[in-house]
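What follows is one structure encoded as structure tokens, with my remarks underneath.
The values are calculated or read from the model by the stated rules, or taken from the named source; none is laboratory data. Here the structure is a predicted model, which means the values were calculated and not measured. Because the Cβ atoms are built from the backbone with ideal geometry, glycine has one as well, and the counts that use them run over all protein chains shown. Side chains included, ligands, DNA and RNA excluded: accessible areas come from the protein's heavy atoms. Shrake-Rupley method; radii C 1.70, N 1.55, O 1.52, S 1.80 Å.
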Amino acid sequence: MRTEPHLTRKQSWPKVVARKWLNMRSRRADEFQADCSTSGTARIGRRKSCSDQDRYVIVPKELSGGWPMEAGNYPRQPLRGWAAPPPATGTHHQNLRLFVGTWNVGGRSPYSGLRLKDWLNSPGSADVYVLGFQEIVPLNAGNVLGAVDSGPAAKWLYLIRRALNEAGDFEQPSLEDDQLYRGEEYARQQHRYCLAVSKQMVGLFMCVWVREDLQSHISNLKVSCVGRGIMHYLGNKGSISISLTLHRTSFCFVCTHLASGEKEGDELRRNSDVAEILKKTKFSTGSSRSRSRSPGSILDHDKIIWLGDLNYRLSSSSGDMKELIKSEEWQALLEKDQLRIEQRAGRVFQGWEEGRIQFAPTYKYLSNSDHYAVQKSKSKEKRRTPAWCDRILWKGEGMKQMWYVRGESRFSDHRPVYSLFSVQVDLLLPEAGSVGGFSCPLKHSTTAGDTCASSMGVSAKVQAEELLLLTRVRSCMDSRTLYDAH
């Protein structure tokens, strides 16, 4: 695992405290961790010749150093600076499966035997996993004011990697779930997943995992943190936002922990947190002349997912709330949900979507119990009215929610929530004037030819050699075919 873009250095505790209290931006605020570089350089594994499903042509040893190839004679992992040709079907987009999960773990560090199967379970594997945590460390003064305790985050990463990459860890879907796959046999595929990015801010933690073959198609990876805790800028509350481009579609994932409290008017503080996060989250956009200019704010992205402990409670104006909870009248209780009330009134998340909630409130449970804290008056734990604090919302076209459910782990006083999306991703297409489906990425510049030639430098020579080698391989194959015909 590597840290981008700088190596992690230790800071003295007094300097950390001073920097946080003075609201000074750290040079490492935009750093993140990943399994491998996301600069665009592909990690090439086994080198193959042109393929036709499982049938391969043997290429002479002296010609075997070219691109890995798949069906359709297209490079599987193009080198940096070139746009990949379209798939053999000629479609301009692809539907991917996106798993999104959020969990407030109550300041507890995970133990090695904790199984994440319940939370990460879905009908078949996904292509991308976005997992957000709140309170991975206790929100005490030492953690809020001092240096970040990254120990629990490392444990969560280990458990997630183990859960995603263990064969047979996920249940097979039932036959009635076949419509989710649209002909693709997700259930029988065993993918390997790597960490695209992870970021921590005090107790907030978010990580994005992708199939290994998608890693090389991720670009413009950036993070941005906004503190909304003590004095409205410390990190005990706030957001972590991750911006990335997958193929040619930009995504923004926003993991938040908003203001707590169930007193009347506390929902306005949460509304204010949302507004400030939208306002203050900024990403560097790159050169204005670059074709790969990336979004600069959350709402600039094509597709946005907002997840986390939003902390919206139930309106306390009704006297029959206890009876509704006792009889598990969840749909009647949802009419008192502050988030829905505020959203309908146009005070927060205008234009955002949320799936239909058909599960019980996710907060607050007694420790290691299926009972809500309000139901046991003799408990030493704080009594709280049950609420749907943990939510997942989205904004953008080409997104269809397939699942919106909760898990049943008793690890914390919150239940985990997860959702499965089908998302439409635009693919890189060949452009006018391209040769063999490859083109200069700065085509739209008025000096595209000169700019591309100067920016590619030595890599242009490498690209040309690869193309020449590819031509020689194809020539060899044609000769072999002609020989076999005789």
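Whether any residue in the stretch 155-165 is outside any loop (DSSP other than H, G, I, E, B), modelled with pLDDT under 95, over 20 Å from the mean Cα position of the chain (by Cα) and surrounded by 19 or more Cβ atoms within 10 Å (Cβ to Cβ) is what I want to check. No - not one qualifying residue is present in the stretch 155-165.
Out of 364, 326, report the one residue that is within 20 Å of residue 264 (Cα to Cα) and either out of contact with any Phe, Trp or Tyr (no Cβ under 9 Å at 6 or more places or on another chain) or surrounded by 13 or more Cβ atoms within 10 Å (Cβ to Cβ) (or both).
Details: 326 fails: within 20 Å of residue 264 (Cα to Cα).
Answer to the check: 364.
Anything in the stretch 335-352 that is modelled with pLDDT of 95 or more, of a type outside the set (Lys, Arg) and open to solvent by 20 Å² or more (accessible area, probe 1.4 Å)? List them, or say none. Correct list: 341, 343, 345, 346, 350, 351, 352.
If you check 125, 174, 109 for being in contact with a helix residue (DSSP H, G or I) (Cβ under 9 Å, 6 or more places away or on another chain) and modelled with pLDDT under 95, only one passes: 125. The residue pairs whose first member lies in the stretch 308-330 and is in a loop (DSSP other than H, G, I, E, B) and of a type in the set (A, V, I, L, M, F, W, C), whose second member is at pLDDT 85 or above and surrounded by 14 or more Cβ atoms within 10 Å (Cβ to Cβ), and whose beta carbons are closer than 6 Å, counting only pairs six or more residues apart or on different chains, are 310/258; 310/391. Scanning the stretch 390-428 for residues that are buried (at least 17 other Cβ atoms within 10 Å of the Cβ) and in a loop (DSSP other than H, G, I, E, B) gives 396, 407, 409, 411, 412, 413, 414, 415, 416, 427, 428.
Looking only at the stretch 266-282, residues that are open to solvent by less than 50 Å² (accessible area, probe 1.4 Å) and under 11 Å from residue 312 (Cα atoms) come to 4 in all. With respect to being modelled with pLDDT under 95, in contact with a Pro (Cβ under 6 Å, 6 or more places away or on another chain) and open to solvent by 40 Å² or more (accessible area, probe 1.4 Å), residue 386 falls outside the description. Looking across 252, 225, 194, one residue alone is at pLDDT 95 or above, over 23 Å from residue 363 (Cα atoms) and open to solvent by 10 Å² or more (accessible area, probe 1.4 Å). It is 225. Against the list (1) in a loop (DSSP other than H, G, I, E, B); (2) in contact with a strand residue (DSSP E or B) (Cβ under 7 Å, 6 or more places away or on another chain); (3) open to solvent by 10 Å² or more (accessible area, probe 1.4 Å), the condition residue 293 fails is (2). Within the stretch 363-375, no residue that is at positive phi sits with its Cβ atom under 6 Å from a residue that is in a loop (DSSP other than H, G, I, E, B) and open to solvent by less than 20 Å² (accessible area, probe 1.4 Å) at 6+ positions apart or across chains.
Checked across the stretch 288-306, the condition of being closer than 30 Å to residue 374 by Cα and either at pLDDT 90 or above or within 24 Å of the chain's Cα centre (by Cα) (or both) holds for at least one residue. Residues considered: 142, 168. Of these, the only one that is open to solvent by 20 Å² or more (accessible area, probe 1.4 Å), more than 27 Å from residue 226 (Cβ to Cβ) and either among the charged types (D, E, K, R) or at pLDDT below 95 (or both) is 168. For residue 242, are the conditions met, namely being touching a residue at least 40 places away in the same chain (Cβ under 8 Å), touching a Cys at 6+ places or on another chain (Cβ under 8 Å), open to solvent by less than 10 Å² (accessible area, probe 1.4 Å) and closer than 27 Å to residue 406 by Cα? Judged against the criteria, residue 242 is a match. Inside the stretch 96-109, residues that are open to solvent by 10 Å² or more (accessible area, probe 1.4 Å) and in contact with a Lys or Arg (Cβ under 8 Å, 6 or more places away or on another chain) make up a count of 1.
Taking every residue in the stretch 211-226 that is on the phi > 0 side of the Ramachandran plot and pairing it with any residue that is outside any strand (DSSP E or B) and of a type outside the set (Val, Ile, Thr), at least 6 positions away or on another chain, the pairs with Cβ-Cβ distances below 8 Å are 220/286; 220/292; 220/294.
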